[in-house]
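Single-structure report; data block below.
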Amino acid sequence: QVQLVESGGGLVQPGGSLRLSCAASGIIFSIYHMGWYRQAPGKQRELVARITSGGTANYADSVKGRFTISREDAKNTVYLQMNSLRPEDPAVYYCTAALGALSSWGQGTQVTVSS
């Protein structure tokens, strides 16, 4: 059974940083493409960043240059380093694992940006 557990969310001031982590179990992590999505209240869930099994990353335009996705296959973990957080970044952030047509989701972690 696939399990994705996110951590690292919280409250941060505008301009601050957070690092989200997602620990995966029940999968051969190294062959999965991993991603982070977010959903703010009243808005659709949107892709933030994803990283292929080979380590190629891509980002939503809104976070380019501020967020960095990375993976550590030895620890079955994917990270999202978020810098220069803005008032428009607060949301529940979800981790995903995808292989072909299959995908799994974590429960999400809340990120709040407020002074």
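Rule-based calculations on the coordinates, nothing more; no lab input. Since we're looking at a predicted model, the values are computed, not measured.
Contact order for the chain, expressed relative to its length and based on alpha carbon pairs under 8 Å spaced 6+ residues apart, stands at 36 percent. Direction-averaged projected area, Cα convex hull, the chain: 6.7 nm², rounded to one decimal. Our summary of shape: the Cα atoms of segment 50-115 have principal axis extents of 39, 25, 23 Å, ordered from largest down, in whole angstrom. The Cα center of segment 63-115 and the Cα center of segment 1-41 differ in position by 4 Å.
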